[in-house]
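Working notes, beginning with the structure itself.
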Amino acid sequence: MPDENDAPDPPDADLVARAQAGDLKAFDELVRRHSPRLYSLIYHMTSHREDTNDLLQDVFAKAYRSLERFRGHSQFYTWLYSIATTLTLKFLKKRNRRSRAMSLDDLDAGLERNEDFIALTTPRSPEKEVGLKELQKKLNEAMQTLSDDHRAVVVMYDIQGLPHAEISRIMGVSEGTIRSRLFYAHRQLQSQLDEFWKK
């Protein structure tokens with residue numbers, strides 16, 4: 001007799017329909033499924049764990065309240081990302097500007113795809129270990145100099161791996177604007193990291 005645990009996970013659309021019909025367990029499953037990526041998105045924008053936890057709760061509370069208005073014109077996670085991005089940008093505009101270091105551990109996931117980063121860190125020698133720490137510190141500082149909108153785009157594209165079209169829908173701006181923001185942000189980051197790469 002097949003085990004119920006072997007059944008494939010239902011698609012988001014099924015869970016959304018059930019949640020819209022009042023099934024709280026279906027909404028709980030959507031929360032479980034999408035929390036890790038949303039946490040990462042918000043954390044890379046705020047650089048603060050408590051703020052991230054609070055905002056994540058706000059995102060799902062707003063999503064739950066607005067669920068009946070979700071019509072499936074976009075994927076559910078795109079809709080969630082849009083809510084998360086909007087709430088986080090509003091929060092950042094209200095929050096006093098203060099320097100907060102980004103988590104070095106969380107940045108590793110995005111950096112693992114960077115060829116220069118891989119070349120610098122493989123194999124790990126003591127010299128390269130020092131270089132890695134210096135790079136992470138410098139990247140932290142550089143990311144914090146970006147505007148909130150530019151940092152959001154960099155996080156979604158470079159760290160979360162979302163395509164331009166998806167980011168465009170989430171941010172509510174054209175793909176051209178997304179490309180322009182990425183170009184500007186990458187140039188700003190590159191100019192700040194040039195000194196490191198020339199070492």
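Kindly check whether there is at least one residue in the range 34-49 that is at pLDDT below 90, farther than 19 Å from S168 by Cβ, under 16 Å from the mean Cα position of the chain (by Cα) and surrounded by fewer than 15 Cβ atoms within 10 Å (Cβ to Cβ).
The answer is yes, given that some residue of the range 34-49 is at pLDDT below 90, farther than 19 Å from S168 by Cβ, under 16 Å from the mean Cα position of the chain (by Cα) and surrounded by fewer than 15 Cβ atoms within 10 Å (Cβ to Cβ).
The conditions are (1) surrounded by fewer than 17 Cβ atoms within 10 Å (Cβ to Cβ); (2) in contact (Cβ under 8 Å) with a residue 24 or more places away in the chain, and Y77 fails exactly one of them. Which is it?
For Y77, the exception is condition (1).
The values are calculated or read from the model by the stated rules, or taken from the named source; none is laboratory data. Note that this is a predicted model, so its numbers are computed, not measured. Note: ideal-geometry Cβ built from the backbone for every residue, glycine included; neighbour counts use all protein chains shown.
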